[in-house]
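In what follows, a structure is listed as structure tokens, so that the remarks can point back to it.
The values are calculated or read from the model by the stated rules, or taken from the named source; none is laboratory data. Everything quoted here is computed from the prediction, not taken from an experiment. For neighbour counting, all protein chains shown are included, and Cβ atoms are generated from backbone atoms with ideal geometry for every residue, glycine included.
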């Protein structure tokens, strides 16, 4: 009996110690250097967020991001996954992450020639909230495994169509475009592992089938396919490289009827090495010893102002001294404006981070390039377009919008759309 009491007491003592550690020693950092992402901030309280459960979930995510020794636990989890090592050949694994802390490893297993999951086909498991991520790690690279949901693809097309209908009220608008950028696994030069993901080009074509007249698709996947053997995606980060973004610019220029500058028209420099987001998600040893190279181009003459702490501040269009993908436009902000020496049209890019490396290539073609990230921008987009005499609108997002409807729901909310009733 005494032994049982000691065991129970020890158990509660450990719980109490862990509680006190997290109460007094939880992390106050704003950014996780290991995971290379911004940590969850304490949420703003409101009656509606309390009633619909958002406030409770955000508080849970806050503490989940900040418990004591969290970085050590992440590293330990990665080390444990390595104990599943294979005996010969290139190291290959699938790693699964779940929840707001999508870079925390929840499960991991090694693959050999006879252990490839039957993940090919048109759809993967449902993940409508987009909070699960699977990564394929092959040697010195890691890629997010893409999955496809037809409903998500059609809903994204419906959102763009509904926006185009409402944008007709903005007299200055002449053209509306959409560009879906595939992730790197689309061009993996390994048929066996490429079958883990369905075709992202096919998913983009499904979106195109449902686009309304007057909305122009930019088939960037075709241009990227032609250059798949070049360094168009990072190995340790989920973004395309500056060269990949250049080919995105070529695709857009053709679709918009603009003269394309040659890649030789830009001055390119190697600016060191870095480890990016997919390394942070998996902490793969093969990547740690073989980081990505960062090649930057010198943007044409222009100035950039972007929102920072509620104010618009000046910053470099491309920071030649920054590390990693944040070199482009200083990273994600709610609103950014590139002002050029041109006296021509103005474009609004409704974006995710893939637009950051892309937008500076448009400097020779527009007087102003406006970028809104609706995950953060809370203003009236149509009023913004009116005030800034926007002529072209480009939706530039990665193909994840055809995996889950999370970003489309952001569009629906921020753009004042009702997809249940709006004409598709």
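Among residues of the stretch 300-320 being in contact with a helix residue (DSSP H, G or I) (Cβ under 8 Å, 6 or more places away or on another chain) and exposed (fewer than 15 other Cβ atoms within 10 Å of the Cβ), the one that is modelled with the highest pLDDT is 301. The criterion of at least 1 residues that are over 26 Å from residue 227 (Cβ atoms) and in the same structural domain as residue 390 (by TED's automatic domain parsing) is met by the following strands (runs of 3 or more DSSP E) wholly inside the stretch 248-346: 302-308, 311-315, 335-340.
Looking only at the stretch 139-181, count how many residues are touching a strand residue (DSSP E or B) at 6+ places or on another chain (Cβ under 7 Å), under 30 Å from residue 282 (Cβ atoms) and in contact (Cβ under 8 Å) with a residue 60 or more places away in the chain. So the count comes out to 6.
Checked against the criterion of being under 19 Å from residue 210 (Cα atoms), out of contact with any helix residue (DSSP H, G or I) (no Cβ under 9 Å at 6 or more places or on another chain), outside the structural domain of residue 181 (by TED's automatic domain parsing) and surrounded by fewer than 22 Cβ atoms within 10 Å (Cβ to Cβ), the stretch 402-420 contains one or more residues that satisfy it.
Does residue 193 count as touching a strand residue (DSSP E or B) at 6+ places or on another chain (Cβ under 7 Å), in the same structural domain as residue 408 (by TED's automatic domain parsing) and modelled with pLDDT under 95? In short, yes. Of all the listed residues (265, 290), the sole one being within 25 Å of residue 134 (Cα to Cα) and either out of contact with any strand residue (DSSP E or B) (no Cβ under 8 Å at 6 or more places or on another chain) or buried (at least 18 other Cβ atoms within 10 Å of the Cβ) (or both) is 290. Where helices (runs of 4 or more DSSP H) fall entirely within the stretch 156-243, none has at least 2 residues that are surrounded by fewer than 18 Cβ atoms within 10 Å (Cβ to Cβ), within 19 Å of the chain's Cα centre (by Cα) and on the phi > 0 side of the Ramachandran plot.
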